[in-house]
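A.B. asks: Before I ask anything, let me first share the structure, which is written out below as structure tokens.
A short reminder: the numbers here are calculations on the coordinates, not readings from a lab. Keep in mind it's a predicted model, so treat the numbers as computed, not measured. Please note: Cβ atoms are built from the backbone with ideal geometry, for glycine as well, and neighbour counts cover all protein chains shown.
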Amino acid sequence: MGVTPPYSIHVASNLLGSLARYIDETHIAIITDNTVGRLYAPMAKDALAQAGKEFHCYCVAPGEQSKSLASFEHLLRQMVRDGFTRSAAVLALGGGVVGDLAGYVAASFMRGVAFYQCPTSLLAMVDASIGGKTAINMPEGKNLVGAFWQPRAVIIDIGTLRTLPTKAFRHGAVELFKHGLLANERLLESVRAEEFQPGGPPDFLIEAVAESAAVKANIVVADERETNLRATLNLGHTLGHALEAVSDHALPHGEAVAYGLYFAAVLAKNRGWKDLTPMVGDFLQWVQPAPLPTTEFERLESFLARDKKRLSDRLRYVLLRGISKPVIVDDVTLQEQQAAWMELLEVAA
Ligand SMILES: NC(=O)c1ccc[n+]([C@@H]2O[C@H](COP(=O)([O-])OP(=O)(O)OC[C@H]3O[C@@H](n4cnc5c(N)ncnc54)[C@H](O)[C@@H]3O)[C@@H](O)[C@H]2O)c1
Ligand SMILES: [Zn+2]
């Protein structure tokens, strides 16, 4: 299933076996992590070898700490030593960590080479691999250095989800659910279905993943004309980022955003807009987030302030007037936020 060019997104079963079909270049740097590499690099290598491609495979340690200047430098130097030139291609095989790191390597090597994404986590399939943002972290903060670098193709082999731990699957599901709220009601049903799990029926998962990825791709493409649309992807992230920060990143991103989605639903309901709290509340239970890192809203305020956009000194929230009707508001009062926080505390208890 494909979506609007220039985003060529392929979603199917067994795509790793026919990987070479999507890659024009003949010298390929596969970048993966040890976990995903052990599971899927052999299949990717076989596919490339059979097509007569030359490749090198580089493995980083799994986890956020690999999105570092040190891994970035190591990979670039290794590619030079292995004889890669401007006609190289970089293939990211893994979750969002590998995708962000490999993408920045592709953007930088010899001033930029072809890039392909083969996302293997649900989060990377529906979110991180789409939109062309690449990044590494600095000790001073996450994603502080990077570039926009679009992949030539995003190749999603749905079969790789089978080995994804349930927790990671649920974290990716939060962004998929968010896409449902923003633009595609059917995704909200998919998430509630029994089949929605790592080992679920391939056809069912293919449809859900393709539709969710398409929501992000369409928003990103449309944003090139209509600015601010991309900002709606921040639904649930204003409070989410503050919760992550106050927990010193102990609370996983997906769980923090799940709380943030509920918080946004309460803010909208209290303005007299459509009440989505029952549905978002059910979803929050399904995610099974760790407890809230604090019960005091005051502790979040300084972190919320950091989310203020540069153009205005007001805090911006993405709220829903209804499903598929996001609006960006900058007039949410402290009282509204405190009231919504109390309601969040009740469902989180
Ligand atoms: N570029 C963007 O637009 C964008 C958007 C959202 C998130 N991100 C970034 O994505 C990263 C998070 O991505 P993530 O959640 O995929 O994390 P991740 O890449 O660390 O993957 C999570 C874990 O799952 C393992 N894994 C991945 N696929 C697997 C599979 N099929 N089977 C078994 N194990 C598997 C990985 O080895 C890892 O241990 C963050 O660094 C975040 O900043 C980027
Ligand atoms: Zn997110």
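A.B. asks: In sequence order, what are the phi-derived ³J(HN,Hα) couplings for segment 264-273 according to the Karplus relation 6.51 cos²θ - 1.76 cosθ + 1.60 with θ = phi - 60°, rounded to whole Hz, with x for glycine and proline?
C.D. replies: Each residue of segment 264-273 in turn: 5, 5, 5, 4, 5, 4, 5, 8, x, 7 Hz.
A.B. asks: Per residue of segment 285-302, in order, report the coupling 6.51 cos²θ - 1.76 cosθ + 1.60 (Karplus, θ = phi - 60°) as ³J(HN,Hα) in whole Hz, putting x for Gly and Pro.
C.D. replies: 3J(HN,Hα) across segment 285-302, in whole Hz: 4, 5, 5, 6, x, 5, x, 4, x, 8, 9, 9, 4, 4, 5, 8, 4, 5.
A.B. asks: Normalising by the residue count of the chain, find the relative contact order in percent from Cα pairs under 8 Å and 6+ residues apart.
C.D. replies: Values: 647 pairs, mean separation 48.3, N = 349.
Answer for the chain is 14 percent.
A.B. asks: Just in segment 65-146: which trypsin sites (Lys or Arg not before Pro) are loop by DSSP and have at most 14 other Cβ atoms within 10 Å?
C.D. replies: Values: sites: Lys67, Arg77, Arg81, Arg86, Arg111, Lys133, Lys142; in loops: Lys67, Arg86.
Hits after loop and neighbour filter: Arg86.
A.B. asks: List every residue whose amide H lies under 5 Å from the amide H of Ala153, counting only residues 5 or more places away in sequence or on a different chain, with H placed 1.01 Å from N in the peptide plane.
C.D. replies: Distant-sequence amide H within range of Ala153: Gln117.
A.B. asks: While we're here: Over segment 9-166, what is the relative contact order in percent, taking alpha-carbon pairs closer than 8 angstrom and at least six residues apart?
C.D. replies: Working: 320 pairs, mean separation 42.2, N = 158.
Once divided by the residue count of segment 9-166, the mean separation gives 27 percent.
A.B. asks: Same structure, new question: Using a Gaussian network model of the chain with C-alpha springs under 10 Å, which one of Asp275, Asp223, Asp248 is most mobile by mean-square fluctuation?
C.D. replies: Its mean-square fluctuation being the largest, the pick is Asp248.
A.B. asks: Got the relative contact order for segment 255-349 handy, in percent, Cα pairs under 8 Å and 6 or more residues apart? Please report the intermediate quantities before stating the final value.
C.D. replies: Details: 95 pairs, mean separation 31.3, N = 95.
Dividing the mean separation by the residue count of segment 255-349 yields 33 percent.
A.B. asks: Any chance you could give the angle, 0 to 90 degrees and rounded to 10, that helix 166-183 forms with the longest Cα principal axis of the chain?
C.D. replies: Computed tilt is about 70 degrees.
A.B. asks: HN-Hα J couplings of segment 244-254 from phi, Karplus 6.51/-1.76/1.60, θ = phi - 60°, integer Hz, Gly and Pro as x?
C.D. replies: 4, 5, 5, 8, 6, 6, 6, 7, x, 3, x
A.B. asks: Anyone know which of Gly200, Gly254, Gly95 comes out most mobile in the 10 Å Cα GNM of the chain?
C.D. replies: Taking springs between Cα atoms under 10 Å, the residue moving most is Gly200.
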